[in-house]
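Read-outs throughout are calculated quantities, based only on the coordinates presented, and are distinct from any laboratory measurement. Predicted model only: the values in this text are computed from it and were never measured. For neighbour counting, all protein chains shown are included, and Cβ atoms are generated from backbone atoms with ideal geometry for every residue, glycine included.
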Amino acid sequence: MTPRFDALLFDFDGVLIESEASGNRHLADYLTAAGHPISAEESMSRFMGLAGKDFLGAVETYIGAAIPADFHAQRTVENERCLAEGIAEVAGATAFVRALPPALRRAVVSSSRVNWIATHLDHLGLRASFGEHLYSGAEHVANGKPAPDLYLYAAEKLGVAIERCAIIEDSPVGATGAVASGAFVVGLVAGAHCGPDHATRLRAIGVDAIARNFDDVAALLG
């Protein structure tokens, strides 16, 4: 691929690894066992892409009560399991990143923390592909997604104007911030968490293009 952009910004969960699907399955199981029945599909629809206080607030709104006392402990156990065992790639993600021209600047722009990103990149064998350019909405900016701040921060760190960046996003929350940043935004619907109407939701937000898989991404960006 000979890219028509100067930099490529990757969301992480749901773009490079299948953590949106696995995380929401675990959340649905937990909430259902706690007396708040929800399917994995509804969990993904309600909570996909949220982090921090926005995520906790959405859970509290759904259950109509404060976060249960054991919620954080259970999530920590699940996160530690995932960090130890790894999570599968989104189909084609690893090959796509490895095929990028070495000179193409790139970064990860995620709501997750850097340790989560780096550990899973190690599992995929992609850590060196991004170097130090791992940026977290929880650690690097005051306002995470859906604000555009994280994308603007990453572009500045890469030394590229945001208008010369392409962003790959999968969640409505992320796509909202990406579109607001002024970059070219690809809505990726390749992950296991993406239902039949997912592309429609992303188009309504204003993404520039939809990609069903990473071959589509390469065609759009080349």
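Compute the Rg/Rh shape ratio of segment 1-92: radius of gyration over Kirkwood radius, all on alpha-carbon atoms.
1.06
Rounded to the nearest 0.05, what FRET efficiency do Ala95 and Ala73 have when you use their Cβ-Cβ distance and R0 = 45 Å?
Once rounded, the FRET efficiency stands at 0.75.
Find which of Ile38, Val59, Gly23 sits farthest along the positive direction of the dipole of segment 20-85, computed with +1 on the beta-carbon of Lys and Arg, -1 on that of Asp and Glu, about the Cα centre.
Checked the options; the winner is Val59.
Taking the Cα centre as origin and putting +1 on Lys and Arg beta-carbons and -1 on Asp and Glu beta-carbons, what dipole magnitude results for segment 20-85, to the nearest 20 debye?
With Lys and Arg at +1 and Asp and Glu at -1, about 100 debye.
Under a Cβ-only charge scheme (Lys and Arg +1, Asp and Glu -1), can you give me the dipole magnitude of the chain about the Cα centre, in debye to the nearest 20?
Working: 17 positive and 27 negative charges, 85 e Å.
For this selection, approximately 400 debye.
Any idea which of Ala84, Ser129, Pro68 is furthest toward the positive side of the dipole for segment 44-136, if Lys and Arg beta-carbons carry +1 and Asp and Glu beta-carbons -1?
With unit charges placed on the Cβ atoms, the residue in question is Ser129.
What relative contact order, as a whole-number percentage, does segment 20-85 give when Cα pairs under 8 Å and 6 or more residues apart are counted?
24 percent
Rounding to the nearest 10 and keeping the result within 0 to 90°, find how far the Cα-based axis of helix 71-85 lies from the longest principal axis of the chain.
For 71-85 against the chain, the angle is about 40 degrees.
Can you compute the helix-only [θ] at 222 nm over the chain? Use -39500 (n - 2.57) per DSSP H run of at least 4 residues, normalise by all residues, nearest 500 deg cm²/dmol.
It lands at -14000 deg cm²/dmol.
Roughly how tilted is helix 172-181, in degrees to the nearest 10 and between 0 and 90, from the longest Cα axis of the chain?
Long axis of 172-181 versus the principal axis of the chain: about 40 degrees.
Would you mind telling me which residue in Val160, Val185, Val15 has the biggest mean-square fluctuation in a Gaussian network model of the chain, where springs connect alpha carbons within a distance under 10 angstrom?
Taking springs between Cα atoms under 10 Å, the residue moving most is Val160.
Compute the helix-to-body angle for 52-63: its Cα long axis versus the longest principal axis of the chain, expressed 0 to 90° and rounded to tens.
Helix 52-63 and the main axis of the chain meet at about 40 degrees.
By DSSP, what percent of the beta bridges with both residues in the chain are antiparallel, rounded to the nearest 5?
Roughly 5 percent of the beta bridges in the chain run antiparallel, per DSSP.
Please report, largest first and rounded to whole Å, the three semi-axes of the ellipsoid equivalent to segment 95-210, where each semi-axis is the square root of five times an eigenvalue of the C-alpha gyration tensor.
On the way: eigenvalues 88, 58, 43 Å².
Each semi-axis is the square root of five times an eigenvalue, giving 21, 17, 15 Å.
State the extension gain, in nm to one decimal, for the chain segment bounded by Glu85 and Ala34, taking 0.36 nm per residue of separation less the distance between their alpha-carbons.
Full extension of this stretch gives 15.8 nm more.
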